[in-house]
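Written out below as structure tokens is the structure these notes cover.
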Amino acid sequence: MIALRGLTKRYGDRTAVDGLSLEVAAGKVTGFLGPNGAGKSTTMRMVVGLDRPSAGAALVGGRRYAEFRHPLREVGALLEAKAVHPGRSARRHLLAMARSNGIAAGRVDEVLGLVGLEGVAGKRAGSFSLGMGQRLGIAGALLGDPGVLLFDEPVNGLDPDGVLWVRRLMRSLAAEGRTVFVSSHLMSEMQLTADRLVVIGRGRLIADAPVAEVIAASSRNAVRVRSPRAAELAARVEAEAVPSGGVPSGGVPSGGVGRRGVEVVRVSAEELVVTGLPVDRVGWLAFEAGVPLLELSEEKASLEEAYMELTGTSVEYGAGAAAGVEA
Ligand SMILES: Nc1ncnc2c1ncn2[C@@H]1O[C@H](COP(=O)(O)OP(=O)(O)OP(=O)(O)O)[C@@H](O)[C@H]1O
């Protein structure tokens, strides 16, 4: 398990990571998301002792990275692909890592096989493509057979086969009970790979929840209804939004991701789009109102849509973001 306790990193007057507190559980793939410059790499670097926190702590299994005698056996990381001496062969690079961490030399060929680089193990790492560099980085992370793994943008530069391979690898590492913490900008890939998500913006925590919960909290989730008596149904649904007590009962509790009310958009005389209520609730309301239904369907948000909503005000370098101006 990884535990961040008030983790903070300042570079001069810039706060890259701002009081992050969370736990990344074992046995799961946890996706680490956030706009460019949000502080993901800085956070990961602090977990593996490459950066020193300005305040707070990053713990692996309750201990700081610096306390480990053989850190690669505790936590493996792919942080910068190609962070390898270009003149060294892949095998020599891994052998040097293994030696410094008391790892048997035989493990080097094992991980080279695991990542599919056995055929080029003697070649200079400097001649590797971006994708081969990523595979070598992943081999390095796996070398000490650690219980905790961090991957910063692992599919960067990989072809579709490689992307699928990384997805399966992450899933199988988590299934073995390991802690897998992986950053990515590819939302569709994260939707397929991750169990949980940690979303940050400007160094601060925005969400920490299961993937399904993050998506369920999106206002883009909607229920499409067609009925010859759509107006009656709309009135019934709107009554649900603001009951006599004045408190919206339709807001779907979202477990820390956000709250919202019920909205009805009249698309046409026969068609409505309802947001803020689950599809089965809309079905019951139609039944209670005695309104016939011609269609009742669910439109689910994608993780990408949910993510855009969550991070909308935290984007620093987006096309629409005014540089240097706080949202
Ligand atoms: N060594 C450094 N010196 C000064 N500022 C830094 C340093 N490293 C990172 N930063 C700043 O800290 C902030 C967070 O950067 P970081 O690389 O952690 O973000 P990120 O979420 O990984 O972004 P990306 O998705 O673009 O990789 C950025 O504003 C960055 O410019």
From the option list Leu150, Leu158, Leu95, single residue qualifying as in a helix (DSSP H, G or I) and either open to solvent by less than 10 Å² (accessible area, probe 1.4 Å) or away from the ligand (no atom under 16 Å from the Cβ) (or both) is Leu95
Only one of Leu20, Leu4, Leu33 is away from the ligand (no atom under 12 Å from the Cβ), closer than 18 Å to Leu150 by Cα and surrounded by 23 or more Cβ atoms within 10 Å (Cβ to Cβ), namely Leu4
Contact list, first residue from the stretch 284-303 and under 14 Å from Glu270 (Cβ atoms), second anywhere and assigned to a helix (DSSP H, G or I), beta-carbon distance below 6 Å, six or more apart or interchain, is Ala286/Leu233; Val291/Glu232; Val291/Leu233; Leu293/Ala286; Leu296/Gly283
Scanning the stretch 168-187 residue by residue, the ones that are part of a helix (DSSP H, G or I) and either over 13 Å from the mean Cα position of the chain (by Cα) or among the β-branched types (Val, Ile, Thr) (or both) total 7
Checked the stretch 42-53 for anything open to solvent by 50 Å² or more (accessible area, probe 1.4 Å) and either more than 21 Å from Phe68 (Cα to Cα) or within 11 Å of the ligand (Cβ to nearest atom) (or both); matches are Arg45, Leu50
Checked Gly87, Gly102 against criteria (on the phi > 0 side of the Ramachandran plot and over 22 Å from the mean Cα position of the chain (by Cα)); the one match is Gly102
So, first residue modelled with pLDDT under 95 and of a type in the set (Phe, Trp, Tyr) in the stretch 150-171, second residue assigned to a helix (DSSP H, G or I) and more than 14 Å from the ligand (Cβ to nearest atom), Cβ within less than 7 Å, six or more apart or across chains; the pairs are none
Picking from Gln191, Gln134, the residue that is within 16 Å of the ligand (Cβ to nearest atom) and part of a helix (DSSP H, G or I) would be Gln134
The residue that is nearest to Met46 (Cα to Cα), considering only those in the stretch 172-193 that are hydroxyl-bearing (Ser, Thr, Tyr) and open to solvent by 40 Å² or more (accessible area, probe 1.4 Å), is Ser172
For Ala141, the lone unmet condition from (1) at pLDDT 95 or above; (2) within 16 Å of the ligand (Cβ to nearest atom); (3) of a type in the set (A, V, I, L, M, F, W, C) is (2)
Counting only residues in the stretch 199-212 that are more than 16 Å from the ligand (Cβ to nearest atom) and open to solvent by less than 20 Å² (accessible area, probe 1.4 Å), the one nearest to Ala301 (Cα to Cα) is identified as Val211
Does Arg196 qualify as being within 16 Å of the ligand (Cβ to nearest atom), touching a residue at least 24 places away in the same chain (Cβ under 8 Å), closer than 21 Å to Arg45 by Cα and touching an Asp or Glu at 6+ places or on another chain (Cβ under 9 Å)? no
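The values are calculated or read from the model by the stated rules, or taken from the named source; none is laboratory data. Values in this document were obtained by computation on a predicted structure and should not be read as measured data. Note: ideal-geometry Cβ built from the backbone for every residue, glycine included; neighbour counts use all protein chains shown. Ligands, DNA and RNA are stripped out before the accessible areas are found, and what is left, the full protein with its side chains, is counted by its heavy atoms. Shrake-Rupley method; radii C 1.70, N 1.55, O 1.52, S 1.80 Å.
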